[in-house]
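First comes the structure, then the notes that go with it.
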Amino acid sequence: MALVCAALAVVGCGERERESGRTVITISSSVVGTDGPLLRRQLDRFMQLHPNIEVRLHRVSDDATQRHQLFVQWLNARAGDPDVLELDVVWTSEFAAAGWLLPLKDPSIDTTAFFPGTLRACRWAGDLYALPWYADVGLLYRRTDLVPREPRSLEELRQFAQRAGDRVPFGIAWMGARYEGLVTVFVEYLGGFGGEIMDDSMNIRVDGPEAVRALTYMRDQIVRWKIAPNDVLTWHEEETRFAFQNGRAAFMRNWPYAYAAMADTAQSRVAGRYAVSPMPAAPGGHPTAALGGAQLAINRWTEHPEAAFRLVAFITAPAQQLERAVAIGEFPTLRAVYDDPALRAALAIPADDARRAVESATPRPVTPLYTQLSEILQIELHRALAGQRTPEAALADAARKMNAAIERTGLREYMSGRPVTSTR
Ligand code: GLC
């Protein structure tokens, strides 16, 4: 222990323990909607069950891309805090390949209990590095008092949004800031026009005609039809939710958490006046929901791997997943929880539809290079949406740079499953 402390003096080894006399671990969490109080309640219960462990919450940014940068700085510096990491589904392979996560090998883990799609992003090179915590699927929210019914095509979405324009300032609200959220919105329009980011052979397809149509449609919402305000180019999840919740938009693209958060009449002007449906498609495309969500992993530099694992197992267990779904509407990643009668009334959509939505949602590419590829794409998408470039030129450049990144780093080799030490 003394040796380890000397090696890790730079990160203050042992200080936390000296303060409380208990094993102290920390967990990172971004807190959107009513997430914070729920997590604190669960941590309190965990501490009652494990009186020798104290868990502290390390709050991090709600912006997925800023959060990623912070994690890279910590882990690169070999900081053991936070011990338990809340990871976006698109980071795990990158962090595992960099050697920053402990493989999870505890025999109590039943991987068959999770949806295969949510588990796939937890694995790298044959090992398991995280457990799925909750699943996010993109949903189209609509004001039931302004919109006659769910739109069945992207053309109808435009029409309904335009018609609602004389009663609310914005036809539609979405997250268009230059960060990961923008890519998730694009994935849905892209699928809606029949395109994809990368095909099964790892060929980049963001410069295909479907992608150009998808980005043109998004840009037209802002520039041509003026149903989305220019402000979307700075919005993340919460700004988008506030626009809709304050009664300023007829439609909104957001994740399931917003459903329960907007039901509170004390804060929401639209309580009782909204519903959700899948994002519609154009002819030749298919309704597409991006698969998002969070996983819990253990920091490779933790001093308390056992306590950290207990916490991961506790938070991802059925009782806590069910409580999360009931309290804040987030979708469980354990299949059996969908059979629980208590879940039926809890979600934005019937439990069976939610189960199908998770099973059929579109994942973003699972690769250690994902962040690099996404950053390239974010920049070009945002330029086109801001009117600085045409969608064609922006996407052609994105594809060229993404292909160059793949060539430079040998993505195909990574994807064959050979462990790598660093992707940067
Ligand atoms: C949500 C999703 C996550 C996604 C992020 C983008 O947090 O769960 O997967 O990357 O939003 O903003």
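The values are calculated or read from the model by the stated rules, or taken from the named source; none is laboratory data. Model, not experiment: these values are computed from the prediction. Here Cβ is always computed from backbone atoms with ideal geometry, including for glycine, and neighbour counts include all displayed protein chains. Ligands, DNA and RNA are excluded from the accessible area calculation, which covers all protein heavy atoms including side chains. Shrake-Rupley method; radii C 1.70, N 1.55, O 1.52, S 1.80 Å.
Pick from 198, 202: which is of a type outside the set (D, E, K, R) and at positive phi?
On the way: 198 fails: at positive phi.
Every option except 202 fails the conditions.
With the structure loaded, tell me whether residue 361 is in contact (Cβ under 8 Å) with a residue 40 or more places away in the chain and within 30 Å of residue 403 (Cα to Cα) or whether it fails that test. Let's see the steps before the verdict.
Details: in contact (Cβ under 8 Å) with a residue 40 or more places away in the chain: yes; within 30 Å of residue 403 (Cα to Cα): yes.
Against the criterion (in contact (Cβ under 8 Å) with a residue 40 or more places away in the chain and within 30 Å of residue 403 (Cα to Cα)), residue 361 qualifies.
What's the number of the condition residue 207 fails, among (1) within 16 Å of the ligand (Cβ to nearest atom); (2) open to solvent by 40 Å² or more (accessible area, probe 1.4 Å); (3) of a type outside the set (Lys, Arg)?
Here residue 207 meets the rest and fails (1).
Does region 139-160 contain at least one residue that is in the same structural domain as residue 350 (by TED's automatic domain parsing) and among the β-branched types (Val, Ile, Thr)?
The answer is no, given that none of the residues of region 139-160 is in the same structural domain as residue 350 (by TED's automatic domain parsing) and among the β-branched types (Val, Ile, Thr).
Which one is nearest to the ligand (Cβ to nearest atom), of the residues in region 72-99 that are among the acidic types (Asp, Glu) and under 20 Å from residue 309 (Cα atoms)?
Within region 72-99, the match that is nearest to the ligand (Cβ to nearest atom) is 88.
Taking region 41-79 only, how many residues are modelled with pLDDT of 95 or more and either open to solvent by less than 10 Å² (accessible area, probe 1.4 Å) or more than 23 Å from residue 370 (Cβ to Cβ) (or both)?
Counting residues in region 41-79 that are modelled with pLDDT of 95 or more and either open to solvent by less than 10 Å² (accessible area, probe 1.4 Å) or more than 23 Å from residue 370 (Cβ to Cβ) (or both) gives 18.
Is it true that some residue in region 103-112 is under 23 Å from residue 349 (Cα atoms), away from the ligand (no atom under 16 Å from the Cβ) and out of contact with any helix residue (DSSP H, G or I) (no Cβ under 6 Å at 6 or more places or on another chain)?
Looking through region 103-112, none of the residues is under 23 Å from residue 349 (Cα atoms), away from the ligand (no atom under 16 Å from the Cβ) and out of contact with any helix residue (DSSP H, G or I) (no Cβ under 6 Å at 6 or more places or on another chain).
Which one of 286, 304 is assigned by TED's automatic domain parsing to the domain that holds residue 49 and either surrounded by 24 or more Cβ atoms within 10 Å (Cβ to Cβ) or not charged (D, E, K, R) (or both)?
Only one candidate passes the filter, namely 304.
May I ask you to list the residues in region 41-71 that are touching a residue at least 60 places away in the same chain (Cβ under 8 Å) and within 16 Å of the ligand (Cβ to nearest atom)?
Selection gives 62, 63, 64, 65, 66, 68.
Of all strands (runs of 3 or more DSSP E) completely enclosed by region 78-158, which ones contain at least 2 residues that are under 11 Å from residue 297 (Cβ atoms), out of contact with any Pro (no Cβ under 9 Å at 6 or more places or on another chain) and in contact (Cβ under 8 Å) with a residue 60 or more places away in the chain? Break it down stepwise before answering.
Numbers: elements: 84-88, 130-137, 139-143.
It comes to 84-88, 130-137.
From 167, 142, 149, 123, grab the single residue that is more than 16 Å from the ligand (Cβ to nearest atom), within 30 Å of residue 96 (Cβ to Cβ) and of a type outside the set (Gly, Ala, Ser). Lay out the reasoning, then the answer.
Values: 167 fails: within 30 Å of residue 96 (Cβ to Cβ); 142 fails: within 30 Å of residue 96 (Cβ to Cβ); 149 fails: within 30 Å of residue 96 (Cβ to Cβ).
Of 167, 142, 149, 123, the one residue that is more than 16 Å from the ligand (Cβ to nearest atom), within 30 Å of residue 96 (Cβ to Cβ) and of a type outside the set (Gly, Ala, Ser) is 123.
So which residues in region 231-261 are under 15 Å from residue 271 (Cβ atoms) and either of a type in the set (S, T, N, Q) or within 15 Å of the ligand (Cβ to nearest atom) (or both)?
Result: 241, 245, 246, 252, 258, 259, 261.
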